[in-house]
Amino acid sequence: MTTPRTYSKAGSRITRLVVGCALAAAFVSQIGCPYESSMRPEMPYTPFGSYYTLDSALGNPTDVRHLHLMNMGYDSIPFIITSFPNLLTLDMRRNRITDIPVFLTLLKELDYRRLDNNQLDSINTRALRKNEAGSYAYMTIDLDSNDIWKMPDNFQYLLHVDQLSLEYNKITSIPRSISLLSESLWVLSLVGN
């Protein structure tokens with residue numbers, strides 16, 4: 001088991017980069033910074049406006065702030081979630097989702113996308129981009145424990161991401177274009193790759 005390491009670079013907003021040993025050398029050579037041990041912070045959880053089924057959420061669409069559809073056997077993200085204009089958190093962990101649809105960008109307030117433990121093999125950055133009309137400046141994306149083998153080269157669509165977690169995937173290299181995120185990204189976690 002590899003020991004997570006955290007990297008930080010003076011003058012950069014990246015305050016913590018957590019990677020496994022396999023990727024550490026590649027990233028250090030790109031940004032040239034020392035490491036320190038650290039653990040990834042837990043995401044805040046707010047129970048107000050939380051719903052655990054689509055049926056219950058559809059009864060009060062404007063009240064839905066957090067939609068938790070874990071372990072429900074979804075093969076895709078249902079378009080009906082665009083009915084929730086105030087949705088902040090979409091948690092669809094442990095399903096069988098294979099693609100991230102572009103219609104997620106219709107959700108102006110969505111700032112936390114949790115899609116870990118699915119069957120994603122790539123990252124559609126256009127589908128994960130932040131809706132510019134939203135209230136929140138930054139967003140968090142959690143894609144841990146999928147089958148993602150390559151990080152995208154088009155990071156210009158993720159300029160509002162402050163936390164990106166890609167732990168326990170199959171990623172073997174980090175593209176140079178990740179430097180496009182240097183102004184917004186605070187945490188990039190690549191442990192277990």
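Bear in mind that the values in this text are calculations on the coordinates, not laboratory data. Everything numeric in this text was worked out from a predicted model, so none of it was measured. Using ideal geometry, Cβ is built from the backbone for each residue, glycine included, and neighbour counts are taken over all protein chains shown.
Cross-link partners of LYS170 among aspartates and glutamates, defined as those whose alpha carbon lies under 18 angstrom from its own and excluding same-chain residues fewer than eight positions apart: ASP99, ASP116, ASP121, ASP142, ASP144, ASP147, ASP153.
The stretch between THR53 and TRP149, if pulled fully straight at 0.36 nm per residue, gains 31.4 nm over its current Cα-Cα span. With a cut-off of 19 Å on the backbone N, the residues of the stretch 144-160 near the modelled label site 7 Å out from ARG176 along Cα-Cβ are 151-157.
Applying the Karplus relation 6.51 cos²θ - 1.76 cosθ + 1.60 with θ = phi - 60° to the stretch 101-112 yields 3J(HN,Hα) values of x, 5, 5, 4, 5, 6, 7, 5, 9, 5, 10, 9 Hz, where x marks Gly and Pro.
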